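Some notes on the structure that comes next.
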Amino acid sequence: MLTPNRNAGKMALVRDLRPLQVVYIIFFVRILSVFLVQTWYVPDEYWQSLEVAHKQVFGYGALTWEWRKGIRSYLYPSIFAALYSVLKITGLDYPEAVVLLPRLFQAAVSTAADYSFYKWTGGRKWALFLILTPSFWFYTSGRTLLQTMETAFVAIALSVFPFKDGKLGYYEKESNKWVWLACVSTFLRPTSAPIWLVLAVYNIITTNQDKIKLLTHTYIPIGLLVGGALVALDSYFYGKLIITPWEFFKFNVLQDVASFYGTHPWYWYITSGLPVVLGVNIIPILWAIYTILSRRKENKTGLLLLAAVILHVAVHSYIQHKEFRFVLPLLPIFMYLAQAVIVPWSRKAEKWQLYLVTGTLLLGNAVPSAYFGLIHQSGTVKVMPLLREAVSNNSNGSSILFMMPCHSTPLYSHLHMNVTTRYLNCDPPAVPGETYEAEAFYNNPLRWWRNEYSTRQTPTLIVMFDVLKGRVESLLQGYNLIHELPHTQLPKDEVGGKVLVYQKMYTQVKQQVYETV
């Protein structure tokens with residue numbers, strides 16, 4: 001069976017590792033990821049959380065179109081706003097602290113999630129190994145992404161969910177803690193609803209309570225309390241009555257605005273998304289899926305979890321805009337299935353087989369963790385402290401122009417300086433097919449520059465990718481190259497292999513820019 005005996009699990013928990021020892025181990029790995037993962041992944045890590053919080057607390061920051069349209073909840077940014085407030089009140093809001101503290105907080109939340117996963121499996125060492133080693137989780141567990149928090153909610157909720165397969169006696173009291181987490185998670189990101197829907201239906205069917213009472217005394221009251229509180233929070237910050245999950249659904253699903261940022265075929269999660277997120281761990285996971293499907297009566301929990309996975313993937317496959325991080329919340333489920341087949345196998349395996357499997361999983365996860373955490377797309381993060389230094393050293397006042405695909409870097413949450421910045425806009429156009437600013441820039445950078453700076457001062461600092469250099473050399477005649485940072489070995493389109501920083505020369509000749517058509 002996929003679910004261990006609860007009493008045996010508790011005995012294993014005490015016999016093998018004390019709870020506090022497990023917490024220390026997990027926390028060490030998660031803190032390690034904060035300091036080792038120093039690369040850029042997606043804009044949302046900064047622009048949908050930290051930038052919003054920075055503007056709330058320090059009075060300056062950047063808000064993307066999502067915040068003007070009201071499709072994002074203020075709950076997640078408000079957590080970081082609280083942390084920033086502590087730094088501000090204590091006078092400890094140094095740039096390094098402003099950058100580091102939110103990531104440490106998220107690492108602590110991920111630690112709680114990993115420990116909950118460990119308890120859910122009955123305290124198995126293999127489970128601890130499997131949740132600590134996945135490269136994609138190491139890559140994202142300390143990032144300030146909604147999907148990271150969503151993944152934590154899934155792991156914690158499943159650890160207290162009332163499964164009815166021997167783990168929880170039929171007449172034992174059922175915990176409703178998972179319902180609270182499900183409601184908050186769905187409000188933060190409505191696309192997490194499929195997982196909770198499957199669990200809710202199962203809970204209603206198998207409950208040892210009166211089903212109507214479960215709905216009227218648990219589901220509905222908790223839903224109203226959570227929903228009411230979060231609607232009130234968002235309405236306060238937006239200055240009007242607003243239900244952000246509905247706005248999110250309306251814009252991203254009904255109006256399909258998300259497709260503006262890229263589309264993939266319906267099967268992408270199966271052929272690319274899940275294989276990349278799971279990495280080498282996909283081998284024991286496929287083994288677990290085969291075991292569940294071939295021995296369904298013995299693996300009821302496995303079937304339930306697979307149903308949640310299938311519905312989640314199916315719903316996300318229907319949406320044209322797809323990203324790897326959208327299936328990250330499925331990781332605790334997959335790791336649970338993997339440990340459930342590895343543990344019984346390991347009891348009979350030869351020592352060399354155990355070393356082979358452990359080494360393969362460890363090495364297969366360590367290599368991508370190191371590459372994606374330290375090397376791939378590192379330049380746009382490493383450039384921020386260099387920009388702070390350049391601004392601080394400039395006594396004539398500074399302004400920064402990011403001539404890059406929009407949101408390629410963090411902004412004020414990493415600068416922590418009230419300096420004038422300019423970046424290319426890529427808000428979805430009001431009319432489909434209409435040219436937006438970033439597109440207009442790359443169509444003709446010289447024309448854009450002339451229109452932008454014909455009546456005002458040119459920027460003090462310019463940040464750009466090396467692939468753009470040949471097209472704007474006439475603009476750079478009055479600038480010195482002060483930094484050249486490696487960014488990626490896999491340049492694509494307008495994202496180059498290096499990040500370049502240019503600084504204006506103040507004894508410059510008048511610059512002549514000729515428009516090319």
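Charged neighbours of residue 341, selected by a Cβ distance under 14 Å, balance to +3 (K, R count +1; D, E count -1). Count Lys and Arg as plus one, Asp and Glu as minus one, and take only other residues whose Cβ is under 10 Å from that of residue 69; the net charge is then 0. Per residue of the chain, the DSSP helices (runs of n ≥ 4 H) give a summed -39500 (n - 2.57) that works out to -16500 deg cm²/dmol at 222 nm. Accessible area per residue for region 254-345, computed on protein heavy atoms with a 1.4 Å probe, is 43 Å².
By how many degrees, 0 to 90 and rounded to 10, does the Cα axis of helix 331-346 deviate from the longest principal axis of the chain? Rounded to the nearest ten degrees, it is 50.
Counting pairs on different chains as well as pairs 8 or more places apart, how many Lys pairs in region 378-517 have Cα atoms under 19 Å apart? Don't skip to the end; give the middle numbers.
On the way: 382/498; 469/492; 469/498; 469/504.
Lysine pairs satisfying the spacing and distance rule in region 378-517 number 4.
Simple spin-label estimate for residue 492 and residue 455 gives 4.0 nm between the two label positions (7 Å along the Cα-to-Cβ direction from each Cα). Which of rounded, prolate or oblate describes region 286-411 when judged by the alpha-carbon gyration tensor and an a/c cut-off of 1.5? Judged from the Cα gyration tensor, region 286-411 comes out oblate (a/c at least 1.5, b/c at or above a/b). Classify region 104-188 as rounded, prolate or oblate from the Cα gyration tensor: take a ≥ b ≥ c as the square roots of its eigenvalues, call it rounded if a/c is under 1.5, otherwise prolate when a/b beats b/c and oblate if not. Oblate, because a/c is 1.5 or more while a/b does not exceed b/c. Tilt of helix 19-36 relative to the longest C-alpha principal axis of the chain, in degrees (0 to 90, nearest 10)? The helix 19-36 is inclined about 20 degrees to the chain.
Based on the mean of other beta carbon atoms within 10 Å per residue, what is the order of 291-302, 399-410, most packed first?
On the way: 291-302: 16.4, 399-410: 21.5.
Descending packing order for the listed peptides: 399-410, 291-302.
Each residue, residue 434 and residue 177, gets one label point 7 Å from its Cα in the Cβ direction; the gap between the two is 5.0 nm.
Legend: calculated FRET efficiency, residue 20 to residue 233, from the Cβ-Cβ distance at R0 = 35 Å, rounded to 0.05, equals 0.50.
Given R₀ = 56 Å, what would the calculated FRET efficiency be for residue 466 paired with residue 216, taking r from the Cβ atoms and rounding to 0.05? The partial results should precede the final answer.
On the way: r = 62 Å, r/R0 = 1.11.
Efficiency, rounded to the nearest 0.05: 0.35.
Computed from Cα atoms, the angle from the helix 351-370 axis to the main principal axis of the chain rounds to 30 degrees.
Annotation: extensible slack from residue 31 through residue 250 equals 75.1 nm (criterion: 0.36 nm per residue apart, minus Cα-Cα distance). How high is the FRET efficiency from residue 474 to residue 393, r the C-beta distance, R0 25 Å, rounded to 0.05? So the FRET efficiency works out to roughly 0.40. Amide hydrogen proximity for residue 483: with H placed 1.01 Å from N in the peptide plane, the residues at 5 or more positions away or on another chain lying under 5 Å are 501. Residues of region 37-62 with an amide N closer than 19 Å to a point placed 7 Å from the Cα of residue 418 along the Cα-to-Cβ direction: 51-62.
Taking the Cβ of residue 155 as the center, what net charge do the other residues with Cβ under 11 Å away carry, scoring Lys and Arg +1 and Asp and Glu -1? Please list the in-between numbers first.
Numbers: positive: 119; negative: 114, 150.
Result for the local shell: -1.
For region 433-472, what does the alpha-carbon gyration tensor say about shape, rounded, prolate or oblate, given a ≥ b ≥ c as the root eigenvalues, a/c under 1.5 as rounded, and a/b over b/c as prolate? Taking the square roots of the gyration eigenvalues as a ≥ b ≥ c, region 433-472 is oblate. On full extension, the segment bounded by residue 240 and residue 104 gains 45.7 nm, given 0.36 nm per residue less the C-alpha separation.
In whole percent, and with a 1.4 Å probe on the protein chains, what portion of the accessible area of the chain is carbon and sulfur?
Values: 14850 of 23550 Å².
Solvent-exposed carbon and sulfur of the chain make up 63 percent of the total.
Could you tell me which of the pairs 88/119; 164/348; 88/177; 211/240; 125/322; 297/348 are separated by over 31 angstrom between their Cα atoms in the structure shown? As for pairs spanning more than 31 Å Cα to Cα, those are 88/119; 88/177; 211/240; 125/322. Charged side chains reduced to their Cβ positions (Lys and Arg at +1, Asp and Glu at -1) give the chain a dipole of some 1500 debye around its Cα centre. The base-10 log of I(q)/I(0) for region 134-263, evaluated at q = 0.11, 0.17 Å⁻¹, reads -0.50, -1.04 [Debye formula, identical scatterers on Cα atoms, solvent excluded].
How high is the relative contact order of region 68-219, in percent, with contacts defined as C-alpha pairs under 8 Å that are six or more residues apart? Could you put the intermediate results ahead of the total?
On the way: 112 pairs, mean separation 31.2, N = 152.
Relative contact order here is 21 percent.
For region 15-34, the residues whose amide N sits under 20 Å from a probe point set 7 Å from the Cα of residue 349 along the beta carbon direction are 16-17.
The values are calculated or read from the model by the stated rules, or taken from the named source; none is laboratory data. No experiment lies behind these values; they were computed from the predicted model shown. Positions of Cβ are generated from backbone atoms using ideal geometry, with glycine treated the same way; all protein chains shown enter the neighbour counts. Note: accessible area is taken over every heavy atom of the protein model, side chains too, but ligands, DNA and RNA are not part of it. Shrake-Rupley method; radii C 1.70, N 1.55, O 1.52, S 1.80 Å.
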